[in-house]
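Reading through the structure tokens given below for one structure.
The values are calculated or read from the model by the stated rules, or taken from the named source; none is laboratory data. What you are looking at is a predicted structure, and each value in this text was computed from that prediction instead of being measured. So basically every Cβ, Gly included, is an ideal-geometry build from the backbone, and we count neighbours across all protein chains shown.
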Amino acid sequence: MTNKEPLLHLEDLKLYFRTSKGAVCAVDGVSFDLGYQEAVVVLGESGCGKTSLAKAILRLLPRNVDTYSGRVILEGKDVMPLSDEEFRQGVRWVRMSMVPQAAMNSLNPVLKVGDQVAEPMIVHSRMKKDEALAQAVKMFQNVGVPIDFLGRYAFELSGGMRQRVAIAMSLVTLPRLIILDEPTSALDVLTQANIMNVLKRIKKELEVSYILITHDIATSSELANRVVVMYAGLVVEDSDAMRFFSKPLHPYSQMLMASVPRLRGDKEPEFITGQPPSLYNLPPGCRFADRCPLRFSACDQDPKLVDIEGRRVSCWKYV
Amino acid sequence: MNAIKRTIRDIFQYPSAAVGATIILLLIILAVIIVIAFPYQKAINLWRAGEEVWYKSPKTAQPKWVNWFRARDLPETLFLSTLDGSATKTIKPVTEDLTQVIMSFPFNYNYDYFPQELSVFFKANFNTKKPLVTLTWVSPNGEMQIANFSIRASESYRVSQDEKLTRKLSGLPPQQALFVDLNSAVLSPVKGPYELRIVGNLFEKGDTLDAEMVMYGQVSGWAGTDHLRRDLLIGLMWGLPVALSFGLIAALGTTISTMIIAAIGVWFSGWVDELIQRITEINLVLPFLSILIMIGTFYSRSLWIILGVAIALGIFGYGIKGYRAIFMQIKESPYIEAARAYGAGSWRIIFRYLLPRIIPVLVPSLVTAIPAYVFLEAGLAVLGLGDPVIPTWGKIINDANNNGALYQGQYYWILEPSVLLMLTGLAFALVGFALDRVFNPRLRGV
């Protein structure tokens, strides 16, 4: 499963936004690797920088960017020095694509979904429309949307179908990596399971890797090979899925896992008291320290990621 | 296609819109027929032609149909000619050189009102010596010689301008006096058979003489005539395609360019947006009508120049502010971000993602803008800045105004173009309001 050279290697990726109150450190030096045909789940609560991470990887930056630095090495090639135009033509949606958050609203309401799915092909490969549509038909079959839906508009489809169309759109240029930003939120459980199965099948058949961004721990466990837990713009734990789901290391991960309701057992689902810190002017020290039940004196200094049997965790407890 | 059908069905749920759409459809069909049946050049030539084309019709005569609403009819125009055989002509050689031509113009007069004028047009062909003509008027009251003169190759004679005849008829206008019994006290036309007899003396061999008599009535054609004897029908008919095309081109030109510019501003933002907004604000302060009047007065009154200026000034209009607000909202929607993510270029996003979203708002405003521009053109024409060549409705109103149509009770001259203008405006307004309801869900069911 793990190749020598990873598909994607992130190194100290930073994305700060400029606001009137100062810089917001949405992504504050994230590093991790992703292998071929591997699915990594990025977990974390709302506002911890998950979506910003996706945008930073795909270089979909808003206008108020303060700092954007680090290294994104895709298939052995650093894509950071590329110009925006080179990035648009050669990387984004060609080698890695994305299913955006609220994918249901990410379809153009005045385009038929068939044309919509064909759009990236037309934009990128300068393909004729009928060829692009033929490719779109293939992708529709892959994600399980009936072909006669091609001529419909987005508002004529159900949420699940729209989600599938969005996934088809990300697949149509046959990228190696797809970033899925909360692909199953706002869907009912049955549809969620369905979409997860589609994603699993596609992963095998089309040999793609996923970065799955979610706060839905239960559903993501279906798909994950690896888990990256983010907190306040930082990676706090990076582990293989097997061991993570059975025994998370970081106190935040532990509490996150404890908050998942279970069918059997007397334990009430726990919640984490307090709020994640605001991302302006962060003080030094462990960012989780204020909410951590295991806090001790060392927590006032910045923790380092420590390697424990192939798992990385950023907590003074393990030093 | 289905969406269009559905929209049409929706529109026809509003009876007013159905009426408006029917009127528009009729106007368009009519405009097409007019343009095909009366090609532009032919119509313009007719409209620009002077007396030599229009001498057969009366000045400022009311339309024919006013007789339907009158107890006693107004006289219609009578035209008799020796050239087309409607009048008789006998040639009698007297000596070897002298020839006498006797022409007779008989008619029945059955009206209770006097004709507007009586004219005779001569066409003679001679070498050196002018032919001499004698005009004799035969009425139920008797026979009388009215004039005696020599003529040129082309000569016209109007009884109203013959002062000798006026004196002879005890000061009454001849065109009236010729029809009354001068011995009775009643000044109304005597009904019965009349005849104008013209005897011409030709003094050289091979000379010819023909004459045409026109008794101008007080009604003429289906639309009446103007001060230049032109049939207003031509002007009114050609006014329709001119008005529709002016309105449509101006409305399309301004709304579409406004929409595109607003989208460009919103999408590129930064200095592009700033520039567009500042230009718009400056443009909004400029007095639109005054600029058009200035251009009409000092530069050109051509309809197409005025059209161009109206569009140019309309591009950076209020529309930009409204569309900008809508685009700002659309720009932030997730599907635009998604499009950016899969690499769609700026222009692709503007034309394929932003613009189509605003069409529902655009269509009603486009339809209501059409009559606004039709009225603008008419307004300029009424102010005397209409195109000097092309007949338009506003131009006809301007002509009527300049010739004191209302003081002289020639209401038809003003009312006909005004009714057409109002009908056009009404039709587009009715459809525009219904479209607004169909496309703007918030107004639905109101």
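Here residue B:291 does not fit the description of being surrounded by 17 or more Cβ atoms within 10 Å (Cβ to Cβ) and either within 14 Å of chain A (Cβ to nearest Cβ) or under 30 Å from residue B:388 (Cα atoms) (or both). Scanning region A:175-214 for residues that are more than 18 Å from the chain's Cα centre (by Cα) and assigned to a loop (DSSP other than H, G, I, E, B) returns a single hit, A:188.
Counting residues in region B:367-390 that are outside any helix (DSSP H, G or I) and surrounded by 23 or more Cβ atoms within 10 Å (Cβ to Cβ) gives one or more. Of all residues in region B:323-357, those satisfying the criterion of being more than 11 Å from chain A (Cβ to nearest Cβ), crowded, with 16+ Cβ neighbours inside 10 Å and within 47 Å of the chain's Cα centre (by Cα) are B:323, B:324, B:326, B:327, B:350. Scanning region B:127-159 for residues that are surrounded by fewer than 16 Cβ atoms within 10 Å (Cβ to Cβ) and not in a strand (DSSP E or B) yields a count of 6.
Taken residue by residue, region A:285-295 has at least one member that is surrounded by 11 or more Cβ atoms within 10 Å (Cβ to Cβ) and touching a Lys or Arg at 6+ places or on another chain (Cβ under 7 Å). Residue A:229 meets the stated requirement of being under 28 Å from residue A:289 (Cβ atoms) and either touching a residue at least 24 places away in the same chain (Cβ under 8 Å) or not in a loop (DSSP other than H, G, I, E, B) (or both). The number of residues in region A:150-174 that are assigned to a helix (DSSP H, G or I), within 13 Å of chain B (Cβ to nearest Cβ), under 21 Å from the mean Cα position of the chain (by Cα) and not hydroxyl-bearing (Ser, Thr, Tyr) comes to 8. Evaluated against (1) closer than 30 Å to residue A:109 by Cβ; (2) among the small types (Gly, Ala, Ser); (3) more than 14 Å from every other protein chain (Cβ to nearest Cβ); (4) in contact (Cβ under 8 Å) with a residue 24 or more places away in the chain, residue B:243 falls short on exactly one condition, (1). When region A:210-234 is limited to residues that are in contact with a Phe, Trp or Tyr (Cβ under 6 Å, 6 or more places away or on another chain) and crowded, with 23+ Cβ neighbours inside 10 Å, the one that is farthest from residue A:9 (Cα to Cα) turns out to be A:231.
Summed over region B:323-350, the residues that are in contact with a helix residue (DSSP H, G or I) (Cβ under 8 Å, 6 or more places away or on another chain) and in a helix (DSSP H, G or I) give a count of 18. Looking at region A:64-149, the helices (runs of 4 or more DSSP H) lying wholly inside it that each contain 1 or more residues that are more than 15 Å from residue B:337 (Cβ to Cβ), more than 12 Å from chain B (Cβ to nearest Cβ) and in contact (Cβ under 8 Å) with a residue 24 or more places away in the chain sit at A:113-125, A:129-143. Residues that are of a type in the set (Phe, Trp, Tyr), surrounded by fewer than 16 Cβ atoms within 10 Å (Cβ to Cβ) and within 30 Å of residue B:212 (Cα to Cα) within region B:1-59 comprise just one, B:55.
When B:239, B:296 are screened for being under 16 Å from residue B:373 (Cβ atoms), crowded, with 20+ Cβ neighbours inside 10 Å and at pLDDT below 90, only B:296 passes.
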